[in-house]
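The values are calculated or read from the model by the stated rules, or taken from the named source; none is laboratory data. The shown structure was predicted, so the numbers you read here are calculated from the model rather than taken from an experiment. Methodologically, a virtual Cβ is constructed for each residue, glycine included, from the backbone with ideal geometry; neighbour enumeration extends over all protein chains shown.
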């Protein structure tokens, strides 16, 4: 298992984020467990502003889930 992504990144498994953000939800689970599976068509990350695209749902820090499995599963 890897460590939790706690630093903003600009890309995740070849998908560029519209702005630096911290992956959450499925993206965080995929990273943490180093899962070798197809990347979902749309992922979620926490960034300073909403800058969503077809590939990324960008949420502001007030939506940041707790750094636990329960927190990760709250953003579907």
Is it the case that the range 67-75 has a residue that's modelled with pLDDT under 85, within 17 Å of residue 8 (Cβ to Cβ), assigned to a loop (DSSP other than H, G, I, E, B) and out of contact with any strand residue (DSSP E or B) (no Cβ under 8 Å at 6 or more places or on another chain)?
-> yes
Considering only strands (runs of 3 or more DSSP E) fully contained in the range 6-50, which possess at least 1 residues that are out of contact with any helix residue (DSSP H, G or I) (no Cβ under 9 Å at 6 or more places or on another chain)?
-> 9-12, 15-24
Check whether at least one residue in the range 54-65 is loosely packed, with under 13 Cβ neighbours inside 10 Å, under 21 Å from residue 14 (Cα atoms) and modelled with pLDDT of 85 or more, and report yes or no.
-> yes
